[in-house]
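What follows is a single structure, written as structure tokens, with notes after it.
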Amino acid sequence: LDQTQLPGATSFLRLKKPEGVERAIRSLQVRGAPAIGLAGAWALVLAMVQEPGADRQTLDTGFARWKARLAGARPTAVNLAWALDRMAEDFHALDPQTSRDEVIATLTRRAQSLQADDAAVGLRLAEAGLGLLEPGWGLLTHCNAGAIATAAWGTALAPIHLGQDRGYGFRVWADETRPLLQGSRLTAWELQKAGVDLTLICDGAAASILASGKVQAVLVGCDRVAANGDVANKVGTLGLAVLARHFSVPFYVFAPVSTIDLSTPTGAQIPVEERDASEVTTLFSRAPVAPAGVRVSNPAFDITPASLVTALVTDRGILRPPYPAGLQEVVHGPALP
Ligand code: MRU
């Protein structure tokens, strides 16, 4: 699904080369941390299909080159590196004599199972999240952490979809999410299609909506959780977390285990992707909305300290502060059925 065309057109890309998938990830045609992880996994399959030599040495070199190249496409969302690592586990476990066809079949099976697992993860997040919410609540969300950002259900929007199926009657406010408008283009599209009671607001209106008492919980997704519970998510999330604390509204972050990065000690070590200035100075590279030559800072993400997160909703349970021990447990715990 080419997310850059939404909400105007529902069009699908048919990508047959890893270069195309890399471009789609960089340009946000496919976006959302879990979805780019899955796209990266499939790109490794395509890389093996197009590798000219079939001997193991050539396949090894090609695999390593593409794994590094894809991992660099979006540096903040750790799900991408996580999914590429899962693919590498299976690739490196293969006997050196394995034929290229078998290599491709093995990697295809792993990509399929990552995709199926992600859909199951979404449903677990939906059930866990719904347990924190009450029928009729007002909910505020930022960016798009929905079904289209994952294999199915979404992360922060998963309980909203499940609540809709179960008649919870949530009233949802969606931040438009400058500069690329994932909230207005994607979340509003996705939730409107699902029949959810939705109100779109400018990012700057979130403070007064929270002050009005209409919102009982803020739900956001994330791109990486550090070992201490600090969270990277779409720029603007930190401001919402500060506001939520000020107005005593719970701030829930939805994090599949693939988003937890225990090798990053705190948020200070999370690389924050800086994107092109034109995303801020123009509306989709069309109409200019800033004078030519103005200095621009365009960090795509910000870091919310663990102290502002009321709970981390994972697919292996809900964590409350202090987070470090719980994060270790969910990552190293036994595999779920
Ligand atoms: O730059 P984007 O649109 O990929 O940013 C996405 C987000 O920040 C989402 O909140 C996050 O990836 C979680 S998606 C389930």
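Which residues, counting only those in region 169-181, are assigned to a loop (DSSP other than H, G, I, E, B), within 27 Å of Gln5 (Cβ to Cβ) and more than 16 Å from the chain's Cα centre (by Cα)? Working first, answer last.
The initial filter retains those residues of region 169-181 that are assigned to a loop (DSSP other than H, G, I, E, B), namely 169-170, 176-181.
Filter again for within 27 Å of Gln5 (Cβ to Cβ), leaving 176-181.
Passing the criteria: Glu176, Arg178, Pro179.
Going by the conditions given, is Ala152 free of Cβ contacts under 8 Å to residues at least 60 places away in the same chain and of a type in the set (A, V, I, L, M)? So that I can check it myself, show each step before the final result.
Values: free of Cβ contacts under 8 Å to residues at least 60 places away in the same chain: yes; of a type in the set (A, V, I, L, M): yes.
Taking the combined requirement at face value, the residue satisfies it.
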How many residues of region 135-192 are within 11 Å of the ligand (Cβ to nearest atom), in contact with a strand residue (DSSP E or B) (Cβ under 9 Å, 6 or more places away or on another chain) and of a type in the set (S, T, N, Q)? The answer is 6
Kindly indicate the residue of region 73-84 that is part of a helix (DSSP H, G or I) and within 14 Å of the ligand (Cβ to nearest atom) and also farthest from Ile104 (Cα to Cα) among those meeting that condition.
Val78
Any idea which of (1) assigned to a helix (DSSP H, G or I); (2) over 21 Å from Gly204 (Cα atoms); (3) touching a residue at least 12 places away in the same chain (Cβ under 8 Å) is the one Ala325 doesn't satisfy?
(3)
Residue match in region 265-277 (condition: open to solvent by 10 Å² or more (accessible area, probe 1.4 Å) and within 10 Å of the ligand (Cβ to nearest atom))
yes
When Ala126 is run through (1) more than 16 Å from the ligand (Cβ to nearest atom); (2) open to solvent by less than 10 Å² (accessible area, probe 1.4 Å), the failure sits at (1)
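Inside region 268-314, can you point out the residues that are in a strand (DSSP E or B) and of a type in the set (Ser, Thr, Tyr)?
Residues of region 268-314 that are in a strand (DSSP E or B), as a first pass: 274, 282-283, 287-288, 299, 301-304, 311-314.
The answer is Thr282, Thr304, Thr314.
Quick grid of which residues meet (1) open to solvent by 20 Å² or more (accessible area, probe 1.4 Å); (2) in a helix (DSSP H, G or I):
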residue: Gly167; (1), (2): yes, no
residue: Ala188; (1), (2): no, yes
residue: Ala206; (1), (2): no, yes
residue: Lys214; (1), (2): yes, no
residue: Val225; (1), (2): no, no
residue: Asn233; (1), (2): no, no
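The values are calculated or read from the model by the stated rules, or taken from the named source; none is laboratory data. None of these values were measured; they are calculated from a predicted model. Methodologically, a virtual Cβ is constructed for each residue, glycine included, from the backbone with ideal geometry; neighbour enumeration extends over all protein chains shown. Only protein heavy atoms, including side chains, enter the accessible area calculation; ligands, DNA and RNA are left aside. Shrake-Rupley method; radii C 1.70, N 1.55, O 1.52, S 1.80 Å.
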